[in-house]
Amino acid sequence: MAADIYSPGVVAGRLDAETIAANFADLHPPYDGHEAAVAADRCYFCHDAPCITACPTGIDIPLFIRQIATGAPEAAAKTILSSNILGGMCARVCPTETLCEEACVREAAEGKPVEIGRLQRHATDTLMAAGIHPFERAASTGKRIAVVGAGPAGLACAHRLAMKGHDVDLYDARPKGGGLNEYGIAAYKTVGGFAQAELDWLLKIGGISVHYGAALGRDISLDALRDSHDAVFLGIGLGGVNALRVEGAVTEGVMDAVDFIAALRQSGDKTDIPVGRQVVVIGGGMTAVDAAVQAKLLGAEQVTIAYRRDRAAMSASRYEQDLAASKGVRLMFNAQPEALHGNGAVEGVEFALTQSVDGQLRLTGETRVVPADMVLRAIGQSLDGTPEGIALAGGKIAVTGAGRTSVAGVWAGGDCAAGGDDLTVTAVAEGRDAAEDIHASLLG
Amino acid sequence: MADLTTDFLGIKSPNPFWLASAPPTDKAYNVERAFKAGWGGVVWKTLGEAGPPIVNVNGPRYGAIWGADRRLLGLNNIELITDRPLEVNLREIKQVKRDWPDRAMIVSIMVPCEEQAWKAILPLVEETGADGIELNFGCPHGMSERGMGSAVGQVPEYIEMVARWCKQNTRMPVIVKLTPNITDIRYPARAAMKGGADAVSLINTISSITSVNLDSFSPEPSIDGKGSHGGYCGPAVKPIALNMVAEIARDPETRGLPISGIGGVTTWRDAAEFLALGAGTVQVCTAAMTYGFKIVQEMISGLSQYLDEKEMTLAELTGRAVPNVTDWQYLNLNYVTKARIDQDACIKCGRCYAACEDTSHQAIWMKPGRVFEVNDAECVACNLCVDVCPVEDCITMERLAPGSVDPRTGRVVEAEYGNWTTHPNNPAAKAAE
């Protein structure tokens, strides 16, 4: 008998393939030409525009929107990609509501910003659909640089280095490139195999040799890379997951949200992804929201995000919170996990209720038990397997300037490096800027 | 990236985008900002003769009309020529030209209609190293009351006379800037050519009142309750300017006379249209005043992308549309089209129906369920339904194949070109057979 939303336990195929396909459709369908023209017309072409300042990669947003408005979306794309080579993915996954669109003067004036993210997607999709790669390599410098990690930071760094005429060896531990773009983002934000398509498009610059399945510390070592290359960039992300310290030795039905998300992204029609009937996601970030919403879209009957602080402290934006709520996810605030109930398989999570008083989290003394047959941990990731000799700061690789580590000739950027938000767009900026710094150091 | 380098009268500029003589080109400060932003050249704001500086009003100098979302569609101004001392302008022109030798530096001039006045100023301008001069025969407000600006531009004999004085008294190329406030733009253009001018630039602004305050009953912009007509410019005037440029480009007497196109150029596309109608460069003011100098980046990238896509050089674009501008009498009367409504795209607003039923040819049926269809037996292909339809490409005009019967006239559509000059209804028609 096929499973349905009331089937107990963690099972696959709660919904039929057609329903799942509809549930996982593009969250923001692309603009058609007319919609793009109307949206672009709203931009005021502000002087020294606040949206540019709010973008970690500093895209010239008014210029690209004007280029869309004047019927030149390919030129708009080039403007975007000159600052942010992963502008296509960022258009899909950036929390624009806390970046460019929050800064838009029309957000202040009317509460309705110019839809910058969707316009950016319109431009970049148009260019990529035309198969155009608008950048060319400079004359060869004869320098060879190792980039470890083919996520946003590594890709941005590799592309910029290749453009400057350097040869790049790009390594990644996984069988595919893309990093979190490929493994770590909700499927409905990047449909149609976009992460791989963008990666293939990016590599068209030439001069980048990819080496997948090559993990730092296992297959390659920093010392060897330093010997064989003129410089090394580390964009290795955060491979570890923070532990959930609670009582109870329950393991069945308990998993890391990042693994759940990665499995969803690598699945075809997603009918093979098991999900609980009653799912509890512990955490308050984007990973928690991505996992919870997708659990619901797979057909879980009840999904709860439990966060130990109040709504205002949640790192997922209000937009993301509302998205989760609109899909039927329950948001539970001020609930700190204390114990996993069950005997082998998880049956419930016990929470101590909290209060935020003057910035301090206090227990109220009350507890709640939320029934659960699946628990997803989304309480943050950590650096895993840092090469010896590299100084850390706050659990991440310490950097100065444009990503210089404590080791000469080694740069770092993206989530693994200290400083900056753990966002795709921030990683792109750090990778790009490190590339510029590497270039300047090698040829300076 | 297509090469946008422009050679206009031997004056080189990195692109055809010049700033028109206007407030944005009144000072070295502005012009240097413009050059930094990428503008190919400027026409320095009009210089007057030496002496006490020009006085401007101390109230509003500009009025405007807007779209509902405050998009500026038309701008009107009553500012006069430069109100800074002549020697200050000359000094700054010289310095900017020295610092930016690759950019076009044209100096606009307006002095009284006396040869001595022109003879006095021309050597001073020449001494700055400027690339050329533009004679301001266009401004319709203020200076025209003193016998300058459009007061000269409205009299072809004066245009010819002053152009000749200038050609006789300077080695610099002479561009005559024309006023649109005349009945037929070809006459002043011909006069400029006859006087020896190297080029014309057009259009200057159009006499206008932007609006009337219905509480104070003052025209806008209002100076202490009174208003004076200003010069209208911006996107709203582009169609008027395009026509005037085309008229000069195709006039047998002025064909080949270099033109600098002006009037509502806001995007690369506007510029390309002026170029296609025969302009060698374009001049911009209102768009820069609305959005800042940075817009030139979009113009440069857009025009070069367009040229790349068309595999065309800038020189090949210039004048490309001129042969297609013709007289009504030569339009093909055997080109028969009918409106077609895309039912999938139709949002059922009924504007096409109202327009056709009330004001045109009753050629659209409104059927049950708000379905709108064209009655070919009545459709004269006027295009009004296309123009009022809010959905782009929902209504299109499709040509009837030669050999088919036009249900409106009952006649077979002929394949051959046929125009009014040979039409049987034309009493002056020459015998076709």
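The values are calculated or read from the model by the stated rules, or taken from the named source; none is laboratory data. Since the model is a prediction, treat every value here as computed from it, not as a measurement. All Cβ positions, even for glycine, are placed from backbone atoms using ideal geometry, and neighbour counts span all protein chains on display.
Some observations on this one:
- Boolean, B:Glu373 is outside any loop (DSSP other than H, G, I, E, B) and at pLDDT 95 or above: yes
- Residue within the stretch B:114-121 that is within 26 Å of the chain's Cα centre (by Cα) and either on the phi > 0 side of the Ramachandran plot or in a loop (DSSP other than H, G, I, E, B) (or both) present: no
- Listed here are the strands (runs of 3 or more DSSP E) enclosed by the stretch B:1-84 that have at least 3 residues being over 30 Å from B:Ser211 (Cβ atoms) and hydrophobic (A, V, I, L, M, F, W, C): B:41-47.
- Subset of the stretch A:157-172 (residues that are touching a residue at least 60 places away in the same chain (Cβ under 8 Å) and in a loop (DSSP other than H, G, I, E, B)): A:Lys164, A:His166
- Residues in the stretch A:360-385 that are farther than 13 Å from A:Arg308 by Cα and either aliphatic (A, V, I, L, M) or without any contact (Cβ under 8 Å) to a residue 40 or more places away in the chain (or both): A:Gly365, A:Glu366, A:Val369, A:Val370, A:Ala372, A:Met374, A:Val375, A:Leu376, A:Leu383.
- Restricting attention to the stretch B:59-103, the residues being more than 20 Å from B:Asn30 (Cβ to Cβ) and within 14 Å of another protein chain (Cβ to nearest Cβ) number 7.
- Among the residues of the stretch A:347-373, those that are at pLDDT 95 or above and either outside the structural domain of A:Gly299 (by TED's automatic domain parsing) or not in a strand (DSSP E or B) (or both) comprise A:Ala372, A:Asp373.
- Helices (runs of 4 or more DSSP H) wholly inside the stretch A:1-107 containing at least 2 residues that are at pLDDT 95 or above and among the acidic types (Asp, Glu): A:100-103
- Leading residue by the ranking (nearest to the chain's Cα centre (by Cα)) among those in the stretch A:31-45 that are surrounded by 15 or more Cβ atoms within 10 Å (Cβ to Cβ) and more than 8 Å from every other protein chain (Cβ to nearest Cβ): A:Tyr31
- Contact map, the stretch A:416-444: first residue assigned by TED's automatic domain parsing to the domain that holds A:Asp230, second residue of a type in the set (S, T, N, Q), Cβ cut-off under 6 Å, separation 6 or more or different chains; pairs are A:Gly420/A:Thr426; A:Val425/A:Thr57; A:Val428/A:Thr57; A:Val428/A:Asn84; A:Ala429/A:Thr57.
- Residue check, B:Asp376 surrounded by 12 or more Cβ atoms within 10 Å (Cβ to Cβ) and of a type in the set (D, E, K, R): yes
Quick grid of which residues meet (1) under 30 Å from B:Val245 (Cβ atoms); (2) hydrophobic (A, V, I, L, M, F, W, C):
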{"residue": "B:Asn334", "(1), (2)": "yes, no"}
{"residue": "B:Asp342", "(1), (2)": "no, no"}
{"residue": "B:Tyr353", "(1), (2)": "no, no"}
{"residue": "B:Met366", "(1), (2)": "no, yes"}
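- When A:Ala186, A:Ala231, A:Ala195 are checked against the criterion of being surrounded by 23 or more Cβ atoms within 10 Å (Cβ to Cβ) and over 24 Å from A:Ile261 (Cβ atoms), A:Ala231 stands alone in meeting it.
- When A:Glu74 is tested against (1) among the charged types (D, E, K, R); (2) out of contact with any Leu (no Cβ under 9 Å at 6 or more places or on another chain); (3) within 11 Å of another protein chain (Cβ to nearest Cβ), only condition (2) is not met.
- Of the residues examined, A:Gly206 is not one that is in a loop (DSSP other than H, G, I, E, B), buried (at least 19 other Cβ atoms within 10 Å of the Cβ) and either in contact (Cβ under 8 Å) with a residue 12 or more places away in the chain or in contact with a His (Cβ under 8 Å, 6 or more places away or on another chain) (or both).
- The residues of the stretch A:297-349 that are over 20 Å from A:Val11 (Cα atoms), in contact with a Phe, Trp or Tyr (Cβ under 9 Å, 6 or more places away or on another chain) and acidic (Asp, Glu), listed by number, are A:Asp310, A:Glu338.
Here is a yes/no grid of residues against (1) under 30 Å from A:Phe135 (Cβ atoms); (2) polar (S, T, N, Q):
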residue	(1), (2)
A:Gly177	yes, no
A:Glu182	yes, no
A:Gly193	yes, no
A:Asp200	yes, no
A:Ser209	yes, yes
A:Ala215	yes, no
A:Ala249	no, no
A:Asp269	no, no
A:Gly276	no, no
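- Cross-chain or 6+ apart pairs with Cβ under 7 Å, the stretch B:228-247 first and over 26 Å from B:Asn324 (Cα atoms), then part of a helix (DSSP H, G or I): B:Cys233/B:Thr286
- One residue from A:Arg308, A:Arg265, A:Arg277, A:Arg318 being touching a residue at least 12 places away in the same chain (Cβ under 8 Å) and surrounded by fewer than 18 Cβ atoms within 10 Å (Cβ to Cβ): A:Arg318
- Evaluation of B:Thr266 against (1) buried (at least 21 other Cβ atoms within 10 Å of the Cβ); (2) closer than 20 Å to B:Asp7 by Cα (one fails), failing number: (2)
- Qualifying position, being farther than 21 Å from A:Leu180 by Cβ and of a type in the set (Asp, Glu), among A:Asp433, A:Asp373: A:Asp373
- When the stretch B:1-28 is filtered for residues that are within 16 Å of B:Gly263 (Cα to Cα) and of a type in the set (Phe, Trp, Tyr), the ones remaining, listed by number, are B:Phe17, B:Trp18.
- Exclusive hit being more than 18 Å from the chain's Cα centre (by Cα), hydrophobic (A, V, I, L, M, F, W, C) and surrounded by 17 or more Cβ atoms within 10 Å (Cβ to Cβ), set B:Ile159, B:Ile185, B:Ile175: B:Ile159
- Residue in the stretch B:323-332 that is touching a helix residue (DSSP H, G or I) at 6+ places or on another chain (Cβ under 7 Å), in contact (Cβ under 8 Å) with a residue 40 or more places away in the chain, buried (at least 24 other Cβ atoms within 10 Å of the Cβ) and away from chain A (no Cβ under 12 Å) present: no
- Any hit, the stretch A:323-341, residues being in contact (Cβ under 8 Å) with a residue 60 or more places away in the chain and assigned to a loop (DSSP other than H, G, I, E, B): no
- Residue check, A:Thr57 among the hydroxyl-bearing types (Ser, Thr, Tyr) and surrounded by 22 or more Cβ atoms within 10 Å (Cβ to Cβ): yes
- The single residue among A:Glu301, A:Glu338 that is of a type in the set (Asp, Glu) and closer than 30 Å to A:Asp4 by Cα turns out to be A:Glu301.
- Number of positions in the stretch B:151-183 that are in a helix (DSSP H, G or I) and among the hydrophobic types (A, V, I, L, M, F, W, C): 8
- Residue selected from the stretch B:381-402 under the condition part of a loop (DSSP other than H, G, I, E, B) and over 14 Å from B:Val413 (Cβ atoms), by the criterion nearest to the other protein chains (Cβ to nearest Cβ): B:Glu392
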